[in-house]
Amino acid sequence: MTDLRFRDLKDLRDYSLKEHNTFGIDAKCSRFLEYDTIDEALEIAKILRESSTPYIIIGGGSNLLLTRDYDGIVVHSACKGMERKGTHLICGSGEIWDDVVAESIRQQLYGAENLSLIPGDVGASAVQNIGAYGAEVKDLIRKIQAVEIATGDIRVFDMEACEYGYRQSRFKTDWRNCFLIVRVDYEFSPTYKPLLDYGNIKKELERKGIQNPTAQELRDTIIEIRNAKLPDPKVTGNAGSFFMNPIVDRQKYESLAVQYESMPHYEIDADHVKIPAGWMIEQCGWKGKSLGRAGVHDKQALVLVNRGGATGSEIVTLCETIRQDVKAKFGIDIHPEVNII
């Protein structure tokens with residue numbers, strides 16, 4: 001008898017990835033596999049083990065830049081569902097992250113408000129350690145369920161095992177392309193404690209006449225701030241913040257602060273300071289400028305955009321040109337947050 005258990009597994013050939021990357025690059029892959037259950041993830045892991053074809057695992061494509069057609073297998077999660085257990089939400093890796101934020105507030109679970117409107121899905125949140133406005137998702141993650149490709153084992157990791165750092169985790173280093181994430185368990189607080197001291201959150205709340213925002217009011221404000229400075233990828237292709245903000249030693253920061261008295265910065269610890277990459281890019285004159293069909297957003301210099309028809313290679317050229325200019329002016333290396341394929 002034929003085993004029909006995996007009959008719904010999405011398995012497509014010569015597949016366009018245009019709808020799977022927010023830059024809107026029309027690159028293709030040789031084969032596209034998508035799972036929406038743990039059984040399908042196990043089947044895909046078996047396919048990958050038995051194939052000599054190279055493969056990559058992608059999320060929502062909001063942190064991806066394709067520079068060419070990919071002569072291999074692309075794997076994507078479509079696992080859905082959110083289940084509440086006490087103060088936890090256990091979410092499928094294919095759920096949209098911002099839907100999780102909205103659901104947490106609806107259920108009076110708190111701690112994700114400042115992470116509102118960050119693009120991407122649940123699986124990518126765990127890989128990337130997404131963060132914004134003084135918050136990071138690592139502080140919410142408790143468990144990650146995944147299928148190990150090499151063995152077919154179902155593994156569960158706690159937050160400590162993932163070794164999270166600034167936009168980093170083991171899923172981006174030694175575990176890269178080793179696991180198919182199925183579910184992520186987030187733990188929230190039943191007590192609302194707004195985090196308002198980062199960026200221009202307080203200023204925007206004051207403008208709206210709000211002194212003590214509810215969680216929904218804080219979420220709405222974060223969304224308004226992000227919409228005001230970040231382009232809609234459905235209109236203008238982009239991947240949000242293209243570069244990570246560099247963390248430098250205090251001696252380097254103090255030498256620059258003498259030259260640039262108004263330089264924004266964020267204290268990390270006694271020995272390290274974070275300097276906004278967008279500010280440095282703007283000081284180099286790139287804000288709103290273009291290099292061919294690739295450009296820098298006119299409201300936020302941290303964002304590189306597809307002006308229309310740009311190739312991934314053109315965006316890489318712009319990226320490298322900006323990096324050289326920042327290095328020449330400030331003596332600081334800035335690195336892409338986006339995964340370049």
So, of the residues in segment 73-94 that are over 22 Å from Cys178 (Cβ atoms), of a type outside the set (S, T, N, Q) and outside any strand (DSSP E or B), which turns out to be farthest from the chain's Cα centre (by Cα)?
-> Gly86
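Please pick out the residue among Pro233, Pro264 that is over 22 Å from Asp139 (Cβ atoms), touching a Pro at 6+ places or on another chain (Cβ under 6 Å) and not aromatic (Phe, Trp, Tyr). Let's see the steps before the verdict.
Working: Pro233 fails: touching a Pro at 6+ places or on another chain (Cβ under 6 Å).
Just one listed residue meets the conditions, Pro264.
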Output the residues belonging to segment 177-203 that are assigned to a strand (DSSP E or B), over 17 Å from Tyr110 (Cα atoms) and open to solvent by less than 60 Å² (accessible area, probe 1.4 Å).
-> Phe179, Leu180, Ile181, Val182
Any residue in segment 254-276 that is within 24 Å of the chain's Cα centre (by Cα), aliphatic (A, V, I, L, M) and farther than 30 Å from Asn21 by Cβ?
-> yes
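Can Asp232 be described as open to solvent by 40 Å² or more (accessible area, probe 1.4 Å), of a type in the set (Asp, Glu), over 26 Å from the mean Cα position of the chain (by Cα) and modelled with pLDDT under 95?
Values: open to solvent by 40 Å² or more (accessible area, probe 1.4 Å): yes; of a type in the set (Asp, Glu): yes; over 26 Å from the mean Cα position of the chain (by Cα): no; modelled with pLDDT under 95: yes.
Answer is no for this residue.
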From the options Gln283, Gln324, residue that is surrounded by fewer than 17 Cβ atoms within 10 Å (Cβ to Cβ), at pLDDT 95 or above, more than 26 Å from Thr22 (Cβ to Cβ) and not β-branched (Val, Ile, Thr) | Gln283
Give me a count of the residues in segment 15-54 that are of a type outside the set (Phe, Trp, Tyr), open to solvent by less than 20 Å² (accessible area, probe 1.4 Å) and in contact with a Gly (Cβ under 9 Å, 6 or more places away or on another chain).
-> 6
Any chance segment 99-114 includes a residue that's surrounded by 23 or more Cβ atoms within 10 Å (Cβ to Cβ) and charged (D, E, K, R)?
-> yes
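Residue by residue, here is whether (1) among the polar types (S, T, N, Q); (2) within 16 Å of Leu180 (Cα to Cα) holds:
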{"position": "His20", "(1), (2)": "no, no"}
{"position": "Ile25", "(1), (2)": "no, no"}
{"position": "Glu43", "(1), (2)": "no, yes"}
{"position": "Ile47", "(1), (2)": "no, yes"}
{"position": "Pro54", "(1), (2)": "no, yes"}
{"position": "Asp71", "(1), (2)": "no, no"}
{"position": "Trp97", "(1), (2)": "no, no"}
{"position": "Ser104", "(1), (2)": "yes, no"}
{"position": "Glu113", "(1), (2)": "no, no"}
Which one of the conditions (1) open to solvent by 10 Å² or more (accessible area, probe 1.4 Å); (2) free of Cβ contacts under 8 Å to residues at least 60 places away in the same chain does Ser125 fail to meet, given that it meets all the rest?
-> (1)
So which of Glu224, Glu206 ends up being part of a helix (DSSP H, G or I), free of Cβ contacts under 8 Å to residues at least 24 places away in the same chain, acidic (Asp, Glu) and farther than 20 Å from Ala135 by Cβ?
-> Glu206
Report whether or not Val156 is over 26 Å from His265 (Cα atoms) and exposed (fewer than 15 other Cβ atoms within 10 Å of the Cβ).
-> yes
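Yes/no per residue for (1) modelled with pLDDT under 95; (2) touching a helix residue (DSSP H, G or I) at 6+ places or on another chain (Cβ under 6 Å); (3) hydrophobic (A, V, I, L, M, F, W, C):
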{"residue": "Leu4", "(1), (2), (3)": "yes, no, yes"}
{"residue": "Gly24", "(1), (2), (3)": "yes, no, no"}
{"residue": "Ser30", "(1), (2), (3)": "no, no, no"}
{"residue": "Tyr35", "(1), (2), (3)": "no, yes, no"}
{"residue": "Ile38", "(1), (2), (3)": "no, no, yes"}
{"residue": "Ile44", "(1), (2), (3)": "no, no, yes"}
{"residue": "Glu50", "(1), (2), (3)": "no, no, no"}
{"residue": "Tyr55", "(1), (2), (3)": "no, yes, no"}
How about segment 246-264: which of its residues are crowded, with 16+ Cβ neighbours inside 10 Å and without any contact (Cβ under 8 Å) to a residue 40 or more places away in the chain?
-> Tyr253, Met263
Could you tell me whether any residue of segment 55-78 is over 30 Å from Arg219 (Cα atoms), surrounded by 14 or more Cβ atoms within 10 Å (Cβ to Cβ), touching a strand residue (DSSP E or B) at 6+ places or on another chain (Cβ under 8 Å) and among the charged types (D, E, K, R)?
-> yes
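The values are calculated or read from the model by the stated rules, or taken from the named source; none is laboratory data. What you see is a predicted model; the values in this text were computed from it and never measured. FYI the Cβ positions are ideal-geometry reconstructions off the backbone, even for glycines, and counts take in every protein chain you see. Accessible surface areas use protein heavy atoms only, side chains included; no ligands, DNA or RNA. Shrake-Rupley method; radii C 1.70, N 1.55, O 1.52, S 1.80 Å.
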